1. Residues with amide H under 5 Å of PHE40's amide H, sequence separation 5 or more or different chain, H placed in the peptide plane at 1.01 Å from N; which?
2. What nm distance separates the two modelled labels at ASP45 and LYS57, each placed 7 Å from Cα along Cα→Cβ?
3. May I ask you to rank LYS20, LYS27, LYS63 by accessible area, largest first, using a 1.4 Å probe over the protein chains only?
4. Heavy atoms only, 1.4 Å probe, whole protein assembly: order TYR39, TYR53 by accessible area, highest first.
5. Under a 1.4 angstrom probe, counting protein chains only, how are HIS16, HIS23 ranked by accessible area, largest first?
6. Karplus couplings for the range 13-20 from phi (6.51 cos²θ - 1.76 cosθ + 1.60, θ = phi - 60°), rounded to Hz, Gly and Pro as x?
Amino acid sequence: ITSCIENATVIQMLQHDDLKDNHLIIKDAIFTHRREENYFAIDEDDDLGWLGYFIGKSETLQKLTLCCWPDEEERVEAAAF
(Lines give C-alpha, C1' and ligand atoms only; values in the text may rest on other atoms or scores of the structure.)
Protein backbone atom coordinates (compact mmCIF):
# COMPACT_ATOMS: atom_id res chain seq x y z
CA ILE A 1 0.00 0.00 0.00
CA THR A 2 3.03 2.29 -0.03
CA SER A 3 6.08 2.98 -2.16
CA CYS A 4 8.84 2.82 0.48
CA ILE A 5 9.81 1.51 3.90
CA GLU A 6 9.73 5.00 5.44
CA ASN A 7 6.08 5.44 4.47
CA ALA A 8 5.28 1.96 5.78
CA THR A 9 6.81 3.01 9.10
CA VAL A 10 4.61 6.13 9.20
CA ILE A 11 1.50 4.00 8.54
CA GLN A 12 2.51 1.65 11.36
CA MET A 13 2.97 4.62 13.69
CA LEU A 14 -0.54 5.83 12.74
CA GLN A 15 -1.95 2.34 13.44
CA HIS A 16 -0.36 2.30 16.90
CA ASP A 17 -1.03 5.99 17.68
CA ASP A 18 2.71 6.47 18.02
CA LEU A 19 3.45 9.57 15.89
CA LYS A 20 5.99 11.98 17.34
CA ASP A 21 4.19 15.13 18.56
CA ASN A 22 0.93 13.64 17.18
CA HIS A 23 1.71 15.42 13.90
CA LEU A 24 1.80 14.01 10.36
CA ILE A 25 3.31 15.85 7.39
CA ILE A 26 2.37 14.76 3.87
CA LYS A 27 4.51 15.94 0.94
CA ASP A 28 4.89 15.10 -2.71
CA ALA A 29 7.94 12.85 -3.04
CA ILE A 30 9.69 15.25 -5.43
CA PHE A 31 9.71 17.92 -2.69
CA THR A 32 11.00 15.65 0.07
CA HIS A 33 14.77 16.05 0.13
CA ARG A 34 15.36 14.63 3.58
CA ARG A 35 13.17 12.25 5.50
CA GLU A 36 12.01 12.92 8.99
CA GLU A 37 10.09 10.70 11.32
CA ASN A 38 6.59 12.05 10.63
CA TYR A 39 6.87 12.62 6.86
CA PHE A 40 4.80 10.64 4.38
CA ALA A 41 6.23 11.22 0.90
CA ILE A 42 3.58 10.71 -1.76
CA ASP A 43 4.69 8.93 -4.90
CA GLU A 44 2.57 7.56 -7.74
CA ASP A 45 2.74 4.07 -6.20
CA ASP A 46 1.13 5.11 -2.90
CA ASP A 47 -2.46 4.23 -2.07
CA LEU A 48 -3.82 7.38 -0.42
CA GLY A 49 -7.06 5.61 0.48
CA TRP A 50 -5.22 3.50 3.05
CA LEU A 51 -3.36 6.54 4.37
CA GLY A 52 -6.70 8.33 4.81
CA TYR A 53 -8.17 5.29 6.52
CA PHE A 54 -5.40 5.19 9.12
CA ILE A 55 -5.52 8.96 9.60
CA GLY A 56 -9.25 8.66 10.28
CA LYS A 57 -8.78 5.78 12.73
CA SER A 58 -6.03 7.55 14.72
CA GLU A 59 -7.13 8.59 18.18
CA THR A 60 -4.10 10.76 18.91
CA LEU A 61 -3.33 12.64 15.66
CA GLN A 62 -3.67 16.33 16.45
CA LYS A 63 -2.12 18.04 13.45
CA LEU A 64 -2.01 17.16 9.76
CA THR A 65 0.08 19.25 7.36
CA LEU A 66 -0.18 18.91 3.56
CA CYS A 67 2.75 20.51 1.71
CA CYS A 68 3.76 21.31 -1.85
CA TRP A 69 1.44 19.62 -4.27
CA PRO A 70 3.06 19.76 -7.72
CA ASP A 71 0.55 22.15 -9.33
CA GLU A 72 0.22 24.49 -6.38
CA GLU A 73 3.02 25.52 -4.08
CA GLU A 74 1.03 26.28 -0.96
CA ARG A 75 0.80 24.80 2.49
CA VAL A 76 -2.44 23.57 4.02
CA GLU A 77 -2.87 22.67 7.68
CA ALA A 78 -5.74 20.98 9.43
CA ALA A 79 -6.31 20.31 13.10
CA ALA A 80 -7.93 17.07 14.20
CA PHE A 81 -10.80 17.33 16.65
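1. ILE25, ILE26, LYS27
2. Inter-label distance under the simple model: 2.3 nm.
3. Ranked list, largest accessible area first: LYS20, LYS63, LYS27.
4. Solvent-accessible surface, decreasing: TYR53, TYR39.
5. The ranking, largest first, comes out as HIS16, HIS23.
6. In residue order, the calculated couplings are 5, 4, 4, 9, 6, 10, 6, 4 Hz.
The values are calculated or read from the model by the stated rules, or taken from the named source; none is laboratory data. Only a predicted model underlies this, so the values are computations on that prediction, with no experimental measurement involved. Please note: Cβ atoms are built from the backbone with ideal geometry, for glycine as well, and neighbour counts cover all protein chains shown. Just the protein is used for accessible areas: all its heavy atoms, side chains included, with ligands, DNA and RNA removed. Shrake-Rupley method; radii C 1.70, N 1.55, O 1.52, S 1.80 Å.
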